[in-house]
Every structure is written in C-alpha cells, then in structure tokens.
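**Q** Would you mind keeping the following structure in view while I ask a few things?
The values are calculated or read from the model by the stated rules, or taken from the named source; none is laboratory data. Because the structure is predicted, anything quoted here is derived from the model rather than measured. Here the Cβ positions follow ideal geometry from the backbone for every residue, glycine too, while neighbour counts run over all protein chains shown. Accessible surface is based on the protein model in full, side chains and every heavy atom, while ligands, DNA and RNA are left aside. Shrake-Rupley method; radii C 1.70, N 1.55, O 1.52, S 1.80 Å.
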Amino acid sequence: MRLLVVEDNKDLAAWLGKALRQAQYAIDIAHDGEDAEHMLKVAEYAAMILDLALPKLDGLTLLKRLRQSGNKLPVIILTANASLDGRVAGLDSGADDYLAKPFEIAELEARIRAVVRRGQDRASSEITVGNLRFSGGTRQFFVAGEPLQLTPREYAVLEQLVMKLGNTISKAALSESVFGFDDEADPSAIEIYVHRLRKKLESSSVQIATLRGLGYLLRHVQ
C-alpha cells in the first residue's frame, strides 16, 4: 500500500517515512505543496498524510484542488494547529481525519487503516479466498487460521492482489503500489516477489496466476 507524506519539516518527514515503511507501507515524501500536487498527478496512492503549513502551496489549497478535481483519495491532516476553527477548516476542505502534533505513530497507523478501509470499494474489513484470509483491521494474512509470514514487499504485493480480487493487475501497477519514487526497483523485482509468494502459498487453496500480456490474478483453486 503506497502513501504520500506531505511535510515540510524534513526531520519529521524522515521519521514518519521510516516508521511507516516498518509498518509495511511504501512511502513517497513531498516537502512542499507543489511537489505533492505533481506526485498526485503521476502516481496512485492509498492515502495522503498532509501538513497544512507548507511552502509554495499550502495544505488547505492543495486539498481543495484535489477535491475539486474529483479525487477522493483519503487524506489525514497533521498539524500543530489543534484549534476548533483549524479542524473545521480542514474537514470542510475535504479531509477525512485530523491528527494534532505531537502524536503517537501507533495512533496514526490506526487512523490510516481506518480511512483506507472507508475508502475501499469492499465493504468488509475481512476478505477470504479459499483458506486465505486477510484482516483489514490488523493488516494480517492467515492460511487455514495460521499467520502467514511475509516480508514487507511480499506483503505489499499480496495485499494488492487481494484488494483487487477478481481483477488482473499488471506488473507495472503492482510495482507502482509497492515501490516509492525513491526506491530502486529492479524491473524483475515483482516477478521475484510473486515467485516467493507462490512458494509460501503452496499449502493454501489459492493461486497467483500469470495471464500473459495482462498481469497477475489471485484465484481460488479446488
């Protein structure tokens, strides 16, 4: 799952990026509103973490432009302005949630999970395919009730396949959701992660199928 962090404080942005990558998210970071606006036009994100006091283009203006364009991307505002008027302005501009600084990373992660769940087309926070189960609340996978041990990259690939269940996902789309702009991704990396996932799913009743020229599809096998 790929997130955009928009924060002009570079130390805070770096800390957020590190903490969220450890929580198995792919992270892009923008330090001003103009860079963030460009990134939003060229990449697809699951959610945006947005500071308001940004150079070049402030956070509220960026958010208003995003909503005016019809983009429904979940947005969590992070700001030192915890006043009622500030919260109301952010929510009225189209924010999905609001978190005042300072904050605990565990709370931010919980809020990210909540806004992403609300933004998903699937109403259920749990998705089951054969004996593979994905818990949206805890972001964990289980096979026959047992936790499935995955690396962060393997997790990101399988999560995308599950969230797009029933649809074919191209290698390029998987790569975009797994890697940030600053990640050095080998063109064959997705193939490697899919190969590893197939090994780990051998005892399950699901299969990652390759549809030549189209991409990958997660399906139940009898």
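**Q** Tell me, what HN-Hα J-couplings in whole Hz come from the Karplus equation 6.51 cos²θ - 1.76 cosθ + 1.60 at θ = phi - 60° for each residue of segment 43-56, using x for Gly and Pro?
**A** Karplus values, whole Hz, x for Gly and Pro: 9, 10, 10, 7, 6, 10, 9, 10, 7, 8, 8, 10, x, 6.
**Q** If the limit is 28 Å between Cα atoms, which of K18/K171; K101/K164; K18/K72; K10/K200 go over it?
**A** Going by Cα-Cα distance, K101/K164; K10/K200 fall outside the 28 Å limit.
**Q** With unit charges on the beta carbons (Lys and Arg positive, Asp and Glu negative) and the dipole taken about the Cα centre of the chain, which residue among L60, L201, L150 sits farthest to the positive side?
**A** In the chain, that residue is L201.
**Q** Given the rule -39500 (n - 2.57) for each run of at least 4 DSSP H residues, summed and divided by the residues of the chain, what is its mean residue ellipticity at 222 nm, to the nearest 500 deg cm²/dmol?
**A** Counting only the DSSP helices, I get -12000 deg cm²/dmol.
**Q** Treating only the Cβ of Lys, Arg, Asp and Glu as charged (+1, +1, -1, -1), what charge dipole size does the chain show about its Cα centre? Round to the nearest 20 debye.
**A** Its charge dipole is roughly 940 debye.
**Q** For the pair E44/K101, report the inter-label distance in nm, with labels modelled 7 Å from Cα in the Cβ direction.
**A** Each label point lies 7 Å from its Cα, and together they span 3.2 nm.
**Q** Just the accessible area per residue of the chain, please: how many Å² with a 1.4 Å probe?
**A** 51 Å²
**Q** What is the Rg over Rh value, at two decimals, for the chain, using alpha-carbon atoms and the Kirkwood definition of Rh?
**A** Here Rg/Rh amounts to 0.99.
**Q** Compute the orientation-averaged projected area for segment 13-79 from the convex hull of its Cα atoms and round it to one decimal in nm².
**A** Across all orientations, segment 13-79 yields a mean hull projection of 4.3 nm².
**Q** So if each residue of separation counts as 0.36 nm, and I subtract the Cα-Cα distance between E146 and K18, what length gain in nm does that give?
**A** Length gained, E146 through K18: 43.2 nm.
**Q** Here is a further query. Quick one: pull the percent of accessible area on the chain belonging to carbon and sulfur, 1.4 Å probe, ligands and nucleic acids left out.
**A** 48 percent
**Q** Expected output is a single nm value to one decimal: the length gained when fully extending between V88 and V221, i.e. 0.36 nm times separation in residues minus the C-alpha distance. What is it?
**A** Length gained, V88 through V221: 42.9 nm.
**Q** What distance in nm lies between label points placed 7 Å from Cα along the C-beta direction at D186 and S69?
**A** Once both label points are built, they end up 3.4 nm from each other.
**Q** Using Cα atoms only, what is the angle between the long axis of helix 33-42 and the major principal axis of the chain, expressed in degrees (0 to 90) to the nearest 10?
**A** Rounded to the nearest ten degrees, it is 30.
**Q** With an 8 Å cut-off on Cα pairs and a minimum separation of 6 or more residues, tell me the relative contact order of the chain in percent.
**A** Once divided by the residue count of the chain, the mean separation gives 18 percent.
**Q** Right, another one. Report the one residue of L50, L4, A26 whose Cα lies farthest in the direction of the positive end of the charge dipole of segment 1-58 (charges on C-beta: Lys and Arg +1, Asp and Glu -1; origin at the Cα centre).
**A** Highest projection toward the positive end goes to A26.
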